[in-house]
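Below: one structure, written as structure tokens.
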Amino acid sequence: MVKRTIEISTEGMHVCVQDRQLLILPHGKKKSECDARNRVPAEDVGFVVVDQRDTTYSQSALALMAGSGAVLVVCGDDHLPIGLLLPMAEHTEVVWRIDSQISAGRVVLKQMWAEIVEAKVRAQASLLTRNSTARDEIDSLSRRVRSGDPDNIEAQAARYYWPAMLGEDFRRTPGKPDGGVANVFLDYGYALLRAAVARTLVGAGLIPAIGIKHSNRSNALCLADDLMEPLRPMVDRRVRSLMLQDRKTLDPSAKRGLLPLLSEAVRTSAGIGPLHVVLPRYISSFADRLTGGKTPLETPELTEVPGL
């Protein structure tokens with residue numbers, strides 16, 4: 001089943017519950033006055049993205065979302081996500097998985113980081129013009145990734161990738177609204193992706209704060225930041241499409257160009273499926289490697305998206 005992403009960007013909305021369904025109502029409207037347009041079955045919801053300061057929630061709505069496995073993404077004054085409400089893990093092997101995560105050896109972690117970097121660089125190359133200098137250089141770099149990426153192939157590839165992807169004048173400046181609208185679009189898309197990966201990690205009984213490469217004591221989602229790296233080009237592709245449409249602001253229309261990320265089709269060895277369905281397979285392969293598994297990470301690969 002394809003989970004829905006709901007965006008609340010209209011002023012004066014209240015989120016509550018009736019008959020195990022989420023109701024999204026304008027303030028002042030009674031439950032008896034709502035119709036099908038205001039109702040969403042809780043089991044159909046994957047993410048609720050809220051970008052209005054005066055939105056209110058009932059405790060029942062928050063509990064229903066968490067109990068159904070949905071993630072609440074809260075945006076700040078700059079319209080970028082600043083907080084997440086994640087469901088608690090219900091995995092039957094949660095204690096064992098946390099123990100394996102904490103005790104994982106450096107060799108295993110370095111090997112997995114190399115796989116992550118290689119997958120990311122290959123995905124970046126796939127988005128560039130065939131037989132172009134940038135694509136050829138990045139393809140070559142992807143074959144030189146070593147355990148732990150001591151040569152920082154990830155950064156070397158970025159120097160070719162970003163100018164070819166978003167223009168010679170583009171500079172990636174995370175978290176800086178004055179870095180241009182493309183950076184704002186990227187930050188928003190990456191935040192959605194991060195929420196999706198974090199949700200899957202928690203559901204798999206892993207601790208998102210214990211990362212492979214990312215390690216910041218103030219970052220509660222280090223592992224999500226690690227594992228989302230090969231998926232970032234999915235966001236980049238959509239941002240390039242928005243820039244080609246000459247979008248100037250992160251308005252509701254631009255967000256609608258980014259929200260389908262979570263249901264975008266990706267490929268693994270098991271076939272093609274929506275990202276939110278495939279992510280558990282990816283995270284499960286990571287957990288298996290922590291306990292001595294030898295199979296490669298099931299990193300989701302990009303597929304062609306019409307119109308992008």
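The values are calculated or read from the model by the stated rules, or taken from the named source; none is laboratory data. Owing to the predicted nature of the structure, the values given are computational and were not obtained by experimental measurement. Positions of Cβ are backbone-derived with ideal geometry, glycine not excepted, and every protein chain shown enters the neighbour counts.
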Practice task
Return the pairs, sorted by first residue and then second, in which the second residue is at pLDDT below 95, the first residue lies in segment 169-196 and is among the acidic types (D, E), the beta carbons are less than 6 Å apart, and the residues are 6+ apart or on different chains.
Solution key: D187/L80
Practice task
Restrict the check to segment 181-195 and report whether at least one residue is over 27 Å from Y160 (Cβ atoms) and buried (at least 20 other Cβ atoms within 10 Å of the Cβ).
Solution key: yes
Practice task
Considering every residue within segment 35-54, establish whether at least one is in contact with a Pro (Cβ under 8 Å, 6 or more places away or on another chain) and either within 23 Å of H276 (Cβ to Cβ) or in contact (Cβ under 8 Å) with a residue 40 or more places away in the chain (or both).
Solution key: yes
Completion exercise
Scanning segment 20-52 for residues that are surrounded by fewer than 12 Cβ atoms within 10 Å (Cβ to Cβ) and either at pLDDT 85 or above or among the aliphatic types (A, V, I, L, M) (or both) gives A36
Handout entry: Residue match in segment 122-139 (condition: of a type in the set (S, T, N, Q), within 20 Å of E298 (Cβ to Cβ) and touching a strand residue (DSSP E or B) at 6+ places or on another chain (Cβ under 8 Å))
Key = yes
Problem - Filtered residues of segment 63-82 (kept if within 21 Å of the chain's Cα centre (by Cα), surrounded by 15 or more Cβ atoms within 10 Å (Cβ to Cβ) and not β-branched (V, I, T)) - result: M65, A66, S68, G69, A70, L72, C75, H79, L80, P81
Fill in the blank from the handout: The residue that is farthest from S253 (Cα to Cα), considering only those in segment 30-63 that are among the small types (G, A, S) and touching a helix residue (DSSP H, G or I) at 6+ places or on another chain (Cβ under 8 Å), is A42
Handout entry: Residue within segment 57-74 that is in contact with a His (Cβ under 8 Å, 6 or more places away or on another chain), farther than 25 Å from E298 by Cβ and either touching a residue at least 12 places away in the same chain (Cβ under 8 Å) or not hydroxyl-bearing (S, T, Y) (or both) present
Key = yes
Practice task
Tell me, yes or no, whether segment 232-252 has at least one residue that is closer than 22 Å to E7 by Cα, surrounded by fewer than 17 Cβ atoms within 10 Å (Cβ to Cβ) and modelled with pLDDT under 90.
Solution key: yes
Fill in the blank from the handout: The lone condition G69 fails out of (1) in a strand (DSSP E or B); (2) at pLDDT below 85 is (1)
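Yes/no per residue for (1) loosely packed, with under 14 Cβ neighbours inside 10 Å; (2) in contact with a His (Cβ under 9 Å, 6 or more places away or on another chain); (3) free of Cβ contacts under 8 Å to residues at least 24 places away in the same chain:
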| residue | (1), (2), (3) |
| --- | --- |
| I98 | no, no, no |
| V108 | no, no, no |
| T129 | yes, no, no |
| D136 | no, no, yes |
| A164 | no, no, no |
Problem - Any pair with Cβ under 6 angstrom, 6 or more apart, that starts in segment 283-308 at a residue that is touching a residue at least 60 places away in the same chain (Cβ under 8 Å) and ends at one that is among the charged types (D, E, K, R) - result: A287/R97; L297/E115; E301/R267; L308/R237
Problem - Failed item, numbered, when M88 is tested on (1) under 30 Å from G205 (Cβ atoms); (2) in contact (Cβ under 8 Å) with a residue 40 or more places away in the chain; (3) touching a Pro at 6+ places or on another chain (Cβ under 9 Å); (4) surrounded by fewer than 16 Cβ atoms within 10 Å (Cβ to Cβ) - result: (3)
